[in-house]
Amino acid sequence: MSCQNCFRQQTHRRTTVLQLSTNEVYFFKELREAGVLEDVNGNRLNTSHGVILVTCADGDQMGDIFTLQSGMTDRIHTLALNGGGLLLPLNSPANTIVAIAASGRFIRVGDVYMDQIKAGMTLKVIKTVALHVHFPCGIAQLYNIPPLRLIDLLVQAKTRIKDECANIKVAAYVHIAWPDCRKRTYFISRDKWSAYCNSLLVAA
Ligand SMILES: [Zn+2]
C-alpha cells in the first residue's frame, strides 16, 4: 500500500509519517461511496470576507490544507493547534484539561480554542469558519480516535461552533493522506453523516 516516493521522502526527512491501515482505507472508501466524503466545492462557503481556518498544525499536511483554502480566498486567519477540530467537542478525549478556574471549573484546551475562534471573528470581522480534521493525525493516534470517531467529533465540533457563535457559517472538512501519496480534502455534511450513521444502526 505504501508508495516508494513517500518512503524516500520520510527517510530523507528523518520523520515518522503515519500511514493509513488497510481497514482505515476501506472505511474512508466506503464513506466516499456512501457520498459522505464529498469533493470540495468552494461555492459552499461564502469566503468573500475571508475565513477563520481551524486546523491541525501538522507540518506534513498543513501546507496542503492551506493551499486548498487559498484557492477560495486570500484572507485566511489561521488558528492551528495540534489536532485542530478534534480539540473542540466537550466529550473529545483530545479536549484535555489545561487549568482550573478560581471557581473550581475545569478549563479545557477546547475552551481556549473556542475563545480564539471568537476573538478571530471579532478582530477580523469574519463570519465563516473552515473547520478541519485530518487523518492519519498524531493527536488521533495519541488519544485512540479511529476514523469513525474522528468524523463524529468533526461534526460535533461544527455543532459547538454554531451553538456558541451567532450567525456563523461553518464548513467541515477532513483531509486524508492516502497511502499512494495522494492528499485530498473532502467536505462533510452533517445530514449525510447522520444518514450514514442511521444506516449502520439499521444494518446492526
Ligand atoms: Zn494532526
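In the set (1) assigned to a helix (DSSP H, G or I); (2) surrounded by 15 or more Cβ atoms within 10 Å (Cβ to Cβ), T122 fails one condition alone, (2). Restricting segment 70-86 to residues that are within 16 Å of the ligand (Cβ to nearest atom) and touching a residue at least 40 places away in the same chain (Cβ under 8 Å) leaves a set whose member that is surrounded by the most Cβ atoms within 10 Å (Cβ to Cβ) is G85.
Take the residues of segment 147-168 that are in contact (Cβ under 8 Å) with a residue 12 or more places away in the chain and surrounded by fewer than 16 Cβ atoms within 10 Å (Cβ to Cβ): which is farthest from G120 (Cα to Cα)? Outline the logic, then answer.
Keep residues of segment 147-168 that are in contact (Cβ under 8 Å) with a residue 12 or more places away in the chain, which gives 147-148, 150-161, 164-165, 167-168.
Next cut, surrounded by fewer than 16 Cβ atoms within 10 Å (Cβ to Cβ) only: 148, 159, 164, 167.
Numbers: L148: 30, T159: 18, E164: 14, N167: 15 Å.
Residue satisfying both the conditions and the ranking: L148.
For segment 165-186, the tally of residues that are assigned to a strand (DSSP E or B) and under 21 Å from A34 (Cα atoms) stands at 11. Here A157 does not fit the description of being of a type in the set (G, A, S), part of a strand (DSSP E or B) and at pLDDT 95 or above. Please go through segment 97-120 and pick out each residue that is under 19 Å from I139 (Cβ atoms) and out of contact with any strand residue (DSSP E or B) (no Cβ under 9 Å at 6 or more places or on another chain). Scanning segment 97-120 gives G110, M114.
The values are calculated or read from the model by the stated rules, or taken from the named source; none is laboratory data. For clarity, every value in this text was computed on a predicted model and none was experimentally measured. Ideal geometry is used to build each Cβ from the backbone, glycine not excepted, and the neighbour counts take in all protein chains shown.
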